[in-house]
Amino acid sequence: MQFFITIFKNLLGYDGLILLLALGNGFYCLPKLKHTTALLEHGLKPTIYVPIQQIILMIHPSNKSELDLHKLRKLKESETKQYHRFASITNMFPLMGILGTIISLLRLASLSNDSIMFNFTTALTSTFWGLVCAIVFKAIDGTIYPKIALNDDSFNLLINRIDQYTSKGDADEAKNIS
């Protein structure tokens, strides 16, 4: 019973901060990241295997911006920002666990047996929660990052194809003029 009381007291302290950060990362940052990634993937999907002439027609203003490059760029920027926020929070978990351990061990200055046991348990639980959260979110990161990398490759491919087509078209026009 004393074990559960100690765990509960720790959750009201530094361990609670770790778990609140985990809840924010899991229920706020992660869903926003997944949503933006899905929107970008949906916007890029029809452009990957389409001939460049059709892509240019999709971009043309008379086509009511069927392919909006500005929107895709904003989605890409948003995806990058949200991923870095998610990854930064994920990387903070082990550090927060270590910090909680150090804070708890620094309190060992008072030499009563109960105080030593409580602070040592607090040190271990903060390390535990920091590592558990880091492991869980790193596993989630491993499933999300490939989609982000694929979106990045697809976006760069689209922009490069458009650049090559337009620069080639400009060179051909210059030859015809002279």
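Readers should treat all values here as calculations from the given coordinates under stated rules, not as data from a laboratory. These figures come from a predicted structure and were not determined experimentally. Positions of Cβ are generated from backbone atoms using ideal geometry, with glycine treated the same way; all protein chains shown enter the neighbour counts.
Yes or no: the stretch 14-22 includes at least one residue that is farther than 30 Å from Asn156 by Cβ and not in a helix (DSSP H, G or I).
no
Out of all the residues in the stretch 72-125, which are touching a Phe, Trp or Tyr at 6+ places or on another chain (Cβ under 7 Å), closer than 30 Å to Asn156 by Cβ and not hydrophobic (A, V, I, L, M, F, W, C)?
Those that are touching a Phe, Trp or Tyr at 6+ places or on another chain (Cβ under 7 Å), closer than 30 Å to Asn156 by Cβ and not hydrophobic (A, V, I, L, M, F, W, C): Lys76, Thr90.
Determine, yes or no, whether Thr143 is in contact with a helix residue (DSSP H, G or I) (Cβ under 6 Å, 6 or more places away or on another chain) and assigned to a helix (DSSP H, G or I).
no
Are there any pairs with C-beta distances below 6 angstrom linking a residue in the stretch 73-95 that is within 17 Å of Leu150 (Cβ to Cβ) to a residue that is surrounded by fewer than 14 Cβ atoms within 10 Å (Cβ to Cβ) and of a type in the set (Lys, Arg), with the two at least 6 apart or on different chains, and if so which?
Going by the 6 Å Cβ cut-off, there are no qualifying pairs.
Restricting the search to the stretch 1-36, which residues are touching a Leu at 6+ places or on another chain (Cβ under 9 Å) and of a type outside the set (A, V, I, L, M, F, W, C)?
Hits for the stretch 1-36 are Tyr14, Thr36.
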